[in-house]
1. Pick from Ile116, Ile59: which is among the aliphatic types (A, V, I, L, M), closer than 16 Å to Ile152 by Cα and free of Cβ contacts under 8 Å to residues at least 40 places away in the same chain?
2. Of the numbered conditions (1) surrounded by 12 or more Cβ atoms within 10 Å (Cβ to Cβ); (2) closer than 18 Å to Leu154 by Cβ; (3) of a type in the set (Gly, Ala, Ser), Ala79 satisfies every one except a single condition; which is it?
3. What are the residues in segment 117-137 that are among the hydroxyl-bearing types (Ser, Thr, Tyr), within 16 Å of Leu97 (Cα to Cα) and either in a helix (DSSP H, G or I) or open to solvent by 60 Å² or more (accessible area, probe 1.4 Å) (or both), if any?
4. Is there any pair linking a residue in segment 92-104 that is over 14 Å from Leu74 (Cβ atoms) and free of Cβ contacts under 8 Å to residues at least 12 places away in the same chain to one that is of a type in the set (Asp, Glu) and loosely packed, with under 14 Cβ neighbours inside 10 Å, with Cβ under 6 Å and at least six apart or on different chains, and which?
5. If I filter segment 49-59 down to residues being of a type outside the set (A, V, I, L, M, F, W, C) and open to solvent by less than 70 Å² (accessible area, probe 1.4 Å), which single residue comes out as modelled with the highest pLDDT?
6. Only one residue in Ala114, Ala140 is farther than 21 Å from Leu56 by Cβ, small (Gly, Ala, Ser) and in a helix (DSSP H, G or I), so which one is that?
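The values are calculated or read from the model by the stated rules, or taken from the named source; none is laboratory data. This structure is a prediction, so every number in the text was calculated from the model and none was measured. Because the Cβ atoms are built from the backbone with ideal geometry, glycine has one as well, and the counts that use them run over all protein chains shown. Just the protein is used for accessible areas: all its heavy atoms, side chains included, with ligands, DNA and RNA removed. Shrake-Rupley method; radii C 1.70, N 1.55, O 1.52, S 1.80 Å.
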Amino acid sequence: MQYQPITGKPPQLSLFEGLIAHSLTPFADIATPPPADDRLSEMTLSGSNGHCRLLLAPILRELSEATDTRWLTLIAPPASLSQRWLRETSLNLDRILLLPANESQGALDLACKALISGCSHTVVTWFAHLDRASRSRLRAAAELGHTQSLNIRLGS
């Protein structure tokens, strides 16, 4: 069956034809790097420990399988995200770097160094609270290293 327009009414344009007709760009330029404000993302997961891990698994799996060949770096992850859990959730362990914080080097300093190095496509932190100065440090470090920073808050 072939489409026959009803006479008297103009044919309806498809979405893309309408955008082209009005000279609108339907999508932003994907090749441009995100601005500094977009280099830091935060996510809060609340509920039971098991439920939070269940929600977190596909996010980390997707990041560990990113087309970017750089590392997915986890800075001082909570004890519940053990090496065993990472293996059991089918993350690509060949692409994950786990960096524990210690007394001589805090998690924020470690995260900033990992971000500035540019060796990771995403650096994941687990700060319960980020003040304005810490956010600024993470954003600036991420911008310098052309890296994404993701802070995950786990609550109950």
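1. Values: Ile116 fails: closer than 16 Å to Ile152 by Cα.
None of the others qualify; the one that does is Ile59.
2. Checking Ala79 against (1) surrounded by 12 or more Cβ atoms within 10 Å (Cβ to Cβ); (2) closer than 18 Å to Leu154 by Cβ; (3) of a type in the set (Gly, Ala, Ser), the one that fails is (1).
3. First, pick out the residues of segment 117-137 that are among the hydroxyl-bearing types (Ser, Thr, Tyr): 117, 120, 122, 125, 134, 136.
When the remaining residues are screened for being within 16 Å of Leu97 (Cα to Cα), the result is 117, 120, 122, 125.
Result: Ser117, single match.
4. Hits for this filter: zero, empty list.
5. Just the residues of segment 49-59 that are of a type outside the set (A, V, I, L, M, F, W, C), to begin with: 49-51, 53, 58.
Next, from what is left, pick out any that are open to solvent by less than 70 Å² (accessible area, probe 1.4 Å): 50, 58.
On the way: Gly50: 88, Pro58: 94.
Selected residue: Pro58.
6. Values: Ala114 fails: farther than 21 Å from Leu56 by Cβ.
Testing whether each residue is farther than 21 Å from Leu56 by Cβ, small (Gly, Ala, Ser) and in a helix (DSSP H, G or I) leaves just Ala140.
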